Amino acid sequence: MYSVASYGQMIADAPRMDAYVTALRRAVKPDSVVIDLGCGPGLFALLACQMGARRVYAIDPDNVIEVARQAAIANGYEDRIVCVQEYSTSATLPEKADIIISDLRGVLPWFQKHIPAVVDARQRLLKPGGVQIPHKDFLWAVMAEVPEEYVKIAGPWEQNSYGLDLSSARTFVTNSWRKVRVKPEQFVTEPLQYCVLDYKEIENPDFAADLCWNASRSGIAHGFVVWFDSELSEGVGFSNRPGEAELIYGHAFFPLQEPVQLRTDDRIVVRLSADLIESDYVWRWSTQVFSPRDSEPRVDFKQSSFFGTPLSAMQLQKRADSFRPNLSEEGRATAEALALMNGEVSLEQIAERLAKDFPERYQANQAAFNEAAELSLKYSQ
């Protein structure tokens, strides 16, 4: 979840905001019903009311929706904005919307449950022929020479002032992508548009594509950089391309396993994919580099964010299909608290029971109450 300060940075991003405001103004009519999907502090909801919308449903599972609720009151729109604090995929509304506006992306559109949320909202909550903002995202990629970024990633694990071998961590950091900002002069190939996400048609949250370039100059490739440009409505959008005005999103840098010396006209092929697993994506990128007229690659790397997270032997053991789990004291306390949440027992009574049954875990009723309250926030209705 984003902090309120992070939402402030989004509001202050003028090129992004100007494009969204223009697209929304084109769409809103006096009788419009609007959904602000992932509303955060509710800015789009407020703007839709300002533009004349009859009803706006501001949906967000996070507590920041309280900011939206207070803003609706402060601006005199409390009778037109309905705040819904839950995931949109669980929300039911009394009417369908004429317009859905959202920005649930991260650095890239393949971010957490962004695409499933948009697909679900389009199918369940939008009138036939309704307007979606954004319409499309265009994905671009380029091979880049970024030695400073690569040193930030791999450098601490390759050499240090203490004479220690820390190379075991290098595999993890080079199998993880990160947010960067690059400049056009760092390109070693021409930018390639490799995907268009059409939000009026998209169904599958996963993605795979082959990216193919010829090196446009000699240089050292440290990885490839990915960004998106957005079409919010016909003729209205923004570009996140390096060299344009900087937007909040930045660029995604996928490091190579090792830096690669490129010569002009070398051919680079990257197989890039993203698969949504539970609430996040597993990225894979396989990179081959061919010299002109060679059929066999001189470089062949296989990388994945799956290998970017260390897993201890104990974690692997606990995930094995033959493992027989036995609840820890924390697990037993959690199970007991959840069993007592049946609509008949107060949180105070649950805390008293936990403190009595697990005296070594809870030195005071307040500690038991705090834990029960957190479980209530997460699981009660």
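The values are calculated or read from the model by the stated rules, or taken from the named source; none is laboratory data. Note that the structure is a prediction, hence the values are computed from the model and not measured. Every residue, glycine as well, gets a Cβ built from its backbone with ideal geometry; the counts of neighbours run over all protein chains shown.
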Unmet requirement for E66, which otherwise passes all of (1) in contact (Cβ under 8 Å) with a residue 24 or more places away in the chain; (2) within 29 Å of L377 (Cα to Cα); (3) assigned to a helix (DSSP H, G or I); (4) of a type outside the set (S, T, Y): (1)
Residue check, R361 outside the structural domain of N175 (by TED's automatic domain parsing), part of a loop (DSSP other than H, G, I, E, B) and in contact (Cβ under 8 Å) with a residue 24 or more places away in the chain: yes
From the options D36, D98, D18, residue that is under 26 Å from L377 (Cα atoms) and acidic (D, E): D36
Count - residues of segment 323-336 that are more than 32 Å from the chain's Cα centre (by Cα) and of a type in the set (A, V, I, L, M): 2
Test for P310: is it within 20 Å of A154 (Cβ to Cβ) and either modelled with pLDDT of 95 or more or within 24 Å of the chain's Cα centre (by Cα) (or both): yes
Options A373, A320, A339, A355; residue that is outside any helix (DSSP H, G or I), of a type in the set (A, V, I, L, M) and over 30 Å from N214 (Cα atoms): A320
Of all residues making up segment 13-54, the number that are in a loop (DSSP other than H, G, I, E, B) and on the phi < 0 side of the Ramachandran plot: 11
Which listed residue is of a type outside the set (G, A, S) and not assigned by TED's automatic domain parsing to the domain that holds A19, from V151, V119: V151
Residue count, segment 272-304 (criterion: modelled with pLDDT of 95 or more and either closer than 24 Å to R105 by Cα or not assigned by TED's automatic domain parsing to the domain that holds C195 (or both)): 12
Pairs, first free of Cβ contacts under 8 Å to residues at least 40 places away in the same chain in segment 314-337, second part of a loop (DSSP other than H, G, I, E, B) and surrounded by 10 or more Cβ atoms within 10 Å (Cβ to Cβ), C-beta under 7 Å, six or more apart: Q317/F323; E329/F358; E329/R361; A333/F358; A333/R361; A335/L327
Qualifying position, being at pLDDT 95 or above and closer than 17 Å to P205 by Cβ, among P128, P184, P147, P116: P116
Test result for L311, farther than 29 Å from S176 by Cα and surrounded by fewer than 17 Cβ atoms within 10 Å (Cβ to Cβ): no
Residue among V84, V56 that alone is in contact with a Cys (Cβ under 7 Å, 6 or more places away or on another chain) and among the β-branched types (V, I, T): V56
Search result, residues across segment 349-372 that are farther than 10 Å from A337 by Cβ and under 37 Å from the mean Cα position of the chain (by Cα): R361, Y362, Q366, A367, F369, N370
Residues of segment 196-221 classified as surrounded by fewer than 16 Cβ atoms within 10 Å (Cβ to Cβ), part of a strand (DSSP E or B) and not β-branched (V, I, T), total: 6
